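The values are calculated or read from the model by the stated rules, or taken from the named source; none is laboratory data. The structure presented is a predicted model; accordingly, all values stated were derived computationally and were not measured. Note: areas computed on protein heavy atoms with side chains; ligands, DNA, RNA excluded. Shrake-Rupley method; radii C 1.70, N 1.55, O 1.52, S 1.80 Å.
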Amino acid sequence: MPAPKEPDSILPPDGKKFTPGRNTEAASETSRIIARWMDDIIRIPGTNIRIGLDPIIGLFPAVGDILASSVGLVLVIEGLRHRLPVSVLTRMGANVILNNLIGAIPIVGDAFSIWYKSNVRNLALLNRWKSGERTAVRRGSRVFMAVFLTIWAIVFIGWIIGWYFFIKFLISLAP
């Protein structure tokens, strides 16, 4: 039985073992290509609006959103390889999840994908981290996650309250 491979020996695109500070050019190029193709590859004629394959792939129900999110996770894996802290990785994951959740809404989700550009956002986080803006990226990620979790808590509480009143209404209809 062959010995199991180390994760770092599998992840790099060039097949070389990854060590922080080495092989970053190929990894960054892969991330840059993914962000460009998924979010910015096509310019709409007569405007400055750029779209990528993400909203186009998202037009295919379920499968398109899953495929686009899977490609977006490559940038999160890149963050893992660069040893980003959990707060920044969580923010990158939240960008992908938010794009996927709202992207699942027909038409509105595709327009959101054109505006939000989760892959470009994640690439910017990765590049800012690599350029030395670590404190700012950490702080911004913590603020983002606090706002994100607060909004989800409000939505969840609203959902529970809505169900409470719905059940109360159904009980009032019973003879």
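The table below gives the values:
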{"item": "Whole-Å distance, taken between Cα centres, linking the range 100-175 and the range 61-95", "result": "15 Å"}
{"item": "Most to least accessible of F156, F144 (protein chains only, probe 1.4 Å)", "result": "F156, F144"}
{"item": "Approximate shape of the range 35-109 as ellipsoid semi-axes (Cα gyration tensor, √5λ), whole Å, largest first", "result": "23, 15, 10"}
{"item": "Surface share of carbon and sulfur [accessible, 1.4 angstrom probe, percent] for the range 77-175", "result": "76 percent"}
{"item": "The range 125-172: radius of gyration over Cα atoms, expressed as a fraction of 2.2 N^0.38 Å", "result": "2.00"}
